[in-house]
Amino acid sequence: MSVAQSFTRLLPRRRAVLRALFTLSVTAFTGGTLAHVAATPTEGAEGGTPGGSDEMYKGRHIQVHPRAGARFDVRIDGRPLHLMRCAGGGYLTPVDHYQSYPTPLAAARAAVDELGSAQLAAGGHHGVRP
């Protein structure tokens with residue numbers, strides 16, 4: 001038996017093995033991706049509802065309401081808090097722009113923690129007033 005005949009004889013087995021490995025890798029990748037998506041918190045997580053949240057946190061009034069698209073109107077004591085969406089799905093605030101938070105409500109709570117007794121600047125500016 002020549003080398004060419006041996007190779008053509010093994011070719012169907014090789015294809016079957018490669019097909020099985022490809023199917024296994026696609027299945028593992030899809031399962032891992034779906035597990036990551038299922039574990040990612042949604043916009044309404046942490047006590048907020050998809051329609052919005054209105055709560056008192058450490059003596060401060062936090063309001064989080066969805067707007068058009070994936071934007072949110074976030075206010076602390078009636079003053080707007082600007083949110084920036086991260087590529088990874090989290091949210092940043094100008095108050096603490098080094099840390100990403102999973103939901104707008106979590107970002108607002110962290111801003112309250114960071115502000116202490118200071119107030120957000122009025123009129124939607126990004127500053128903080130003592």
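Since every read-out is calculated from the coordinates, none of them should be taken as a lab result. Keep in mind the model is a prediction, meaning the values are calculated, not measured. For neighbour counting, all protein chains shown are included, and Cβ atoms are generated from backbone atoms with ideal geometry for every residue, glycine included.
Report the full-extension gain for the segment THR30 to ALA122: residue separation times 0.36 nm, less the Cα-Cα distance, to one decimal in nm.
28.4 nm
Which FRET efficiency, nearest 0.05, do TYR57 and ALA87 yield, Cβ-Cβ r, R0 25 Å? Before the final figure, lay out each step's value.
Numbers: r = 27 Å, r/R0 = 1.09.
E(calc), rounded to 0.05, equals 0.35.
Taking 7 Å along the Cα-to-C-beta vector as the label spot, tell me the ALA20-ASP73 distance in nanometres, rounded to one decimal.
Taking the simple label geometry, ALA20 and ASP73 are separated by 6.0 nm.
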